[in-house]
1. Which residues does the label zone of A17 cover in the range 48-82, counting backbone N under 16 Å from a point 7 Å along Cα→Cβ?
2. Under 19 Å from a label point 7 Å along Cα→Cβ of R87: give me every residue in the range 32-53 with its amide N that close.
Amino acid sequence: MGHYFQGEHGRAASRLARVAARTDVDDNWLLGPAELTLGKMADLRGEREQARALYRRAEGREDVWGSRDEARRLQVKPFDGREPGTRPKDDEQRYPERP
């Protein structure tokens, strides 16, 4: 995600695609944000059908940082490069063994 926010979309896409490809568990919390971000980058490249497919996949994943609602919106209106000013707080404790 850091590469994406720094504008390094090529590096971000390759790393996010690896996260999505090597994940064995469908409910991994990283999949929703990864597929959403991959969809945004596809929209920026003008690959609307690929973007919509990734948004549909992100909709079915765990709702992390409002990724489901954002994916629904982006299926209707393509991503224009402007990120939301805020994101919903995610209170899920995914690693209870860590402080």
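1. 48-55
2. Output list for this probe position: 32-44.
Read-outs: derived from the displayed coordinates by stated rules, not from any lab. All values derive from a computational prediction rather than experimental measurement. Methodologically, a virtual Cβ is constructed for each residue, glycine included, from the backbone with ideal geometry; neighbour enumeration extends over all protein chains shown.
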